[in-house]
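In what follows, a single structure is set out as structure tokens and then discussed.
The values are calculated or read from the model by the stated rules, or taken from the named source; none is laboratory data. All of these numbers come straight from a predicted model, not from anything done at the bench. Counting neighbours? That spans all protein chains shown, and the Cβs are built from the backbone with ideal geometry, glycine included. Accessible surface areas use protein heavy atoms only, side chains included; no ligands, DNA or RNA. Shrake-Rupley method; radii C 1.70, N 1.55, O 1.52, S 1.80 Å.
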Amino acid sequence: MRNILSLARPIHSVLLEYTDMHYSRTLGPIQGIAMTATTFIGTGLMILPALSVAQAGSFAFYAWLMTALIVLPIAFVFALMGSRYPSAAGAAHYIGRVFGQKAERAVGWLFLSILLVGPAVAIKVAAAYLAILLNVSESSVFILSLVTLMGMLIFALAGIENSARFQVGVVLVLISAVILLSIVGDLPSAFSVIEVPLNSLDWQSTFIATGTVFWCFLGIEVMAHMGAEFKNPSRDFPIALLGGIAIVVGLYLALVLLIAYHHTYGDELTNSQSLALLVGKLLGEGYRQAFAFGAYIIAFANVGVYILGFARMVWSLAQQQALPSYFSQLNGRGTPARAVGFVGTVTLLSLLFAEWSNWAMQAFMQMTNGAFLLIYGLTCITALKLFHGQERILAVVAVLSCVLMASFIGLNMLFAFAMLLLALLWEYLRRAKTIRPKADPL
């Protein structure tokens, strides 16, 4: 998952420190490639390669290639939207232009519904690396998840945010780690694990992995804010987008091959710890512990910001009277403490449900994917109304790409549709209550 503050921005512009965005048009292709790579490289690098190999085996290589091809037209639609209709409100603004204010607000609720399924995954990944650091068994991961959540809530209450330099530093560390592992782990030999899907069962497992791999590309909507910042958008942005995604896919594919070749994948816990296990196998136990420590710090800081971002969504909704005013209060540090408490409670319930239901982490990831994909699909449908000529053809391809990806996610899309329907119903009832005429006094 990307920094949730970037996901919060499309919901309500009141969340922003700046409502009107002024685009300086200073980006060239190199800076654009770096920004694209930063958008898509994060904690997913620690689990997605192993999870895709566990699902698709030697066919995982093709699952990643398929996902990248499906994502490209969607990313280009967001880029064109950003350059044609620059707005701080992003996807929700575009959808609102065509479908109205109720739809725009419903998309905001859909973003917020991700709180039910998304953070629990990231917290469990962080806890899995903490388990390596503390050298404890799988049975301790749930307790470590609760401890991690408590730490993240304290982090959020303090109002601490990751700086841009921290994000760039994380990306550079992860890229350096992948390059080192590729050298030590004999990446050329790892290409021998690739197999082409030949029958329906092979393709079925590949498609399932594709639905999970989509998690890597959550944050496509950030492209809408980049599109208007290039000196020469028509020339530089395609280079930046293609170059950045190529780097991202290359890094993930390298790990897919190394993890498959060195067999550091398997059950849910092994997949969550896969990168540290690979480091330990190739470099030794000491390096494994050091990497686990670094991975935990990265995951902790990122998810702590997710928590704070969700809290600001809740605070924003309370400010707009869409939620009780109780959540609109700020503490002395300017942090929405009550909203943080609400987010922490929901995340705790999500963790408890995940533990007691014994649902696989994959299900939570795909429900999160489904929510984002529905937002992306609605944005691409909006583009059909706003674009003309060849751009409309691109929008058609992007809509078909969303439909194709939805078929891979399968029944987990029901979460997204249910949340959107509930959001629309809520907005309809709120609207009806607002405009209901008062009875004339007798």
Of (1) more than 21 Å from I307 (Cβ to Cβ); (2) open to solvent by less than 30 Å² (accessible area, probe 1.4 Å), T335 fails just (1)
Of the residues that make up segment 297-308, is at least one outside any loop (DSSP other than H, G, I, E, B) and over 18 Å from the mean Cα position of the chain (by Cα)? yes
Regarding L278, is this residue touching a residue at least 60 places away in the same chain (Cβ under 8 Å), in contact with a helix residue (DSSP H, G or I) (Cβ under 7 Å, 6 or more places away or on another chain) and crowded, with 24+ Cβ neighbours inside 10 Å? yes
Among (1) in contact with a helix residue (DSSP H, G or I) (Cβ under 7 Å, 6 or more places away or on another chain); (2) in a helix (DSSP H, G or I), the one test that L317 misses: (1)
Check L80, L144, L133 and return the single one that is touching a Gly at 6+ places or on another chain (Cβ under 7 Å) and either surrounded by 24 or more Cβ atoms within 10 Å (Cβ to Cβ) or farther than 19 Å from F415 by Cβ (or both). L80
In the set I208, I123, which member is among the aliphatic types (A, V, I, L, M) and open to solvent by 40 Å² or more (accessible area, probe 1.4 Å)? I208
Expected single match for in a helix (DSSP H, G or I), under 30 Å from C216 (Cβ atoms) and either hydrophobic (A, V, I, L, M, F, W, C) or without any contact (Cβ under 8 Å) to a residue 60 or more places away in the chain (or both) among L425, L429, L374 is L374
Picked from segment 168-198 (must be of a type in the set (S, T, Y) and closer than 14 Å to Y252 by Cα), the residue modelled with the highest pLDDT is S182
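So that you can scan it fast, the table gives a plain yes or no per residue for (1) of a type in the set (G, A, S); (2) not in a helix (DSSP H, G or I):
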{"position": "I247", "(1), (2)": "no, no"}
{"position": "L257", "(1), (2)": "no, no"}
{"position": "G266", "(1), (2)": "yes, yes"}
{"position": "L277", "(1), (2)": "no, no"}
{"position": "G280", "(1), (2)": "yes, no"}
Among the residues of segment 38-47, is any outside any helix (DSSP H, G or I), touching a helix residue (DSSP H, G or I) at 6+ places or on another chain (Cβ under 8 Å) and modelled with pLDDT of 85 or more? yes
Exactly one of E355, E391 is at pLDDT below 95, open to solvent by less than 60 Å² (accessible area, probe 1.4 Å) and either part of a helix (DSSP H, G or I) or of a type outside the set (D, E, K, R) (or both), and that residue is E391
